[in-house]
Amino acid sequence: MPEFFSLVVESDIAKRYFMRVAKRTTNLASTNKTQVRAFRFPVPPDLNEQHEIVDVMAAAKAKIAAVESKEAALRDLKRALMHDLLTGRVRIDVKKAGDKG
């Protein structure tokens, strides 16, 4: 299944393996077919299991993307609020801010 293959290739295990076996020259790393064939590619025996793994990973990646998007929006809001406060566009009444009841 191509999507499962893609998940394995982009995994930390694969990245570490290929970084370890790659031959490095200036700004270039390469591997030969013997090294690629030597990579122990994990393949679940059941195709349905591959589909399940792909579905779980897709859902997890979608959640991560949503959280990252929300984090970026909150960071932008904070930046805008700080700008408004620091430029005097929005003023804080110190008496009211200091009152506790």
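The values are calculated or read from the model by the stated rules, or taken from the named source; none is laboratory data. None of these values were measured; they are calculated from a predicted model. Cβ coordinates were reconstructed from backbone atoms using ideal geometry, including for glycine residues, and neighbour counts include every protein chain displayed. The accessibility values were calculated without ligands, DNA or RNA, using every heavy atom of the protein model including side chains. Shrake-Rupley method; radii C 1.70, N 1.55, O 1.52, S 1.80 Å.
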Task: Assigned charges on the beta-carbon of Lys, Arg, Asp, Glu; the chain dipole about Cα centre (debye) - done: 720 debye
- [ ] May I ask you to give the solvent-accessible area per residue for the chain, in square angstrom, as obtained with a 1.4 angstrom probe?
- [x] 88 Å²
- [ ] Name the residue farthest towards the positive end of the dipole of the chain from the options 41, 57, 87, assuming +1 on Cβ of Lys and Arg, -1 on Cβ of Asp and Glu, about the Cα centre.
- [x] 87
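Please give the calculated 222 nm ellipticity per residue for the chain, where each DSSP H segment of at least 4 residues contributes -39500 (n - 2.57) and the sum is spread over every residue; nearest 500 deg cm²/dmol?
On the way: 5 runs with 69 residues, N = 101.
Theoretical 222 nm ellipticity from helices: -22000 deg cm²/dmol.
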TODO: Could you tally up the Lys pairs in the chain with alpha carbons closer than 15 Å? Skip any pair fewer than 8 positions apart unless they're on separate chains.
DONE: 4
TODO: First compute the accessible area of the chain with a 1.4 Å probe, then give the percent of it belonging to carbon and sulfur atoms.
DONE: 60 percent
Task: Cα Rg over Rh - the chain, Kirkwood - done: 1.33
Open item on the list: To test your reading of the geometry: what angle, between 0 and 90 degrees and rounded to tens, separates the Cα axis of helix 12-21 from the longest principal axis of the chain?
Closed with: 60 degrees
